[in-house]
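Everything on this sheet refers to the single structure shown next.
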Amino acid sequence: MVRECAQCGAALPIGGRGRIPKYCSVRCRVAAHRARTVPPRELRERERWVRYSAAKVPLQTSGRPASVTDPGTWTSYTSARRAGVGAGAGFVLNGDGIVCIDLDHCLDGDKVTPWAAQILSKLPPTYVEVSPSGQGLHVFGVADFKGGRKIRDGERAVEVYADQRYIAVTGRVFGGMPTRLADISAALASIL
């Protein structure tokens, strides 16, 4: 049985003590790590990025206020990541089918609360990242959904947004989830 590099697919030699490494080189190990901290291509390729302030206000790369309804204030992923203003980069939802489910206060370290685990179990493999606070999750997917909705009951805190919002994006993939967007329409129907 030939094992392959998890990054490039090259054949892996058996390492010392009979161990088989996960990557064929340091270059592949570093590339794989960087890929885990980058949002999916479906988000990166759209020029709908802003920066955001510590007060969660959307900003242009110049530091001036941005608007979630004015594409003239948005930029590319690369420009948003390179800009030094604000606390981080955010993606603007504009109603084109990309949806974000925001699960607030559902993480304690790497442990997911039971209510959030139930929601995650209903989802197909799609991009899930840890929120900037480290205590929540952002689930990105594609669905026929408009507007937004908040659900607060007990400790369950769920927000679903599809347009006129920006979502702070960390690129910190949660639990080995894929870096692609899946159709989450059926899961949304069961969550809402």
Practice task
Go through (1) assigned to a strand (DSSP E or B); (2) surrounded by 12 or more Cβ atoms within 10 Å (Cβ to Cβ) one by one and return the number of the condition Ala187 breaks.
Solution key: (1)
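Can Ile167 be described as in contact with a Phe, Trp or Tyr (Cβ under 7 Å, 6 or more places away or on another chain) and surrounded by 13 or more Cβ atoms within 10 Å (Cβ to Cβ)?
Working: in contact with a Phe, Trp or Tyr (Cβ under 7 Å, 6 or more places away or on another chain): yes; surrounded by 13 or more Cβ atoms within 10 Å (Cβ to Cβ): yes.
So Ile167 fits the description; yes.
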Handout entry: Any chance Ile119 is in contact (Cβ under 8 Å) with a residue 24 or more places away in the chain and surrounded by fewer than 18 Cβ atoms within 10 Å (Cβ to Cβ)
Key = no
Exercise for the section: Please list, ordered by first then second residue, the pairs with beta carbon atoms under 6 Å, 6 or more apart or interchain, first in the range 161-173 and in contact (Cβ under 8 Å) with a residue 60 or more places away in the chain and assigned by TED's automatic domain parsing to the domain that holds Glu129, second among the hydroxyl-bearing types (Ser, Thr, Tyr) and assigned to a strand (DSSP E or B). Expected result: Ala168/Tyr52
Exercise for the section: Looking only at the range 110-168, count how many residues are more than 23 Å from Ala87 (Cα to Cα) and among the β-branched types (Val, Ile, Thr). Expected result: 7
Problem - Some residue of the range 82-101 being closer than 26 Å to Ala186 by Cβ, among the aromatic types (Phe, Trp, Tyr) and either modelled with pLDDT of 95 or more or in contact with a helix residue (DSSP H, G or I) (Cβ under 9 Å, 6 or more places away or on another chain) (or both) - result: yes
Practice task
Determine whether Glu129 is crowded, with 21+ Cβ neighbours inside 10 Å, in the same structural domain as Arg180 (by TED's automatic domain parsing) and either among the charged types (D, E, K, R) or touching a His at 6+ places or on another chain (Cβ under 6 Å) (or both).
Solution key: yes
Problem - Condition met for Ala157 (buried (at least 21 other Cβ atoms within 10 Å of the Cβ) and either touching a Gly at 6+ places or on another chain (Cβ under 9 Å) or without any contact (Cβ under 8 Å) to a residue 12 or more places away in the chain (or both)) - result: no
Handout entry: The listed residue being more than 30 Å from Gly9 (Cα to Cα), in the same structural domain as Gly175 (by TED's automatic domain parsing) and touching a residue at least 60 places away in the same chain (Cβ under 8 Å), out of Val57, Val50, Val85
Key = Val50
Completion exercise
Checked the range 151-187 for anything modelled with pLDDT under 95 and over 17 Å from the mean Cα position of the chain (by Cα); matches are Ile151, Arg152, Asp153, Gly154, Glu155, Arg156, Ala157, Ala186, Ala187
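The values are calculated or read from the model by the stated rules, or taken from the named source; none is laboratory data. The shown structure was predicted, so the numbers you read here are calculated from the model rather than taken from an experiment. We place every Cβ from the backbone using ideal geometry, glycine too, and count neighbours over all the protein chains shown.
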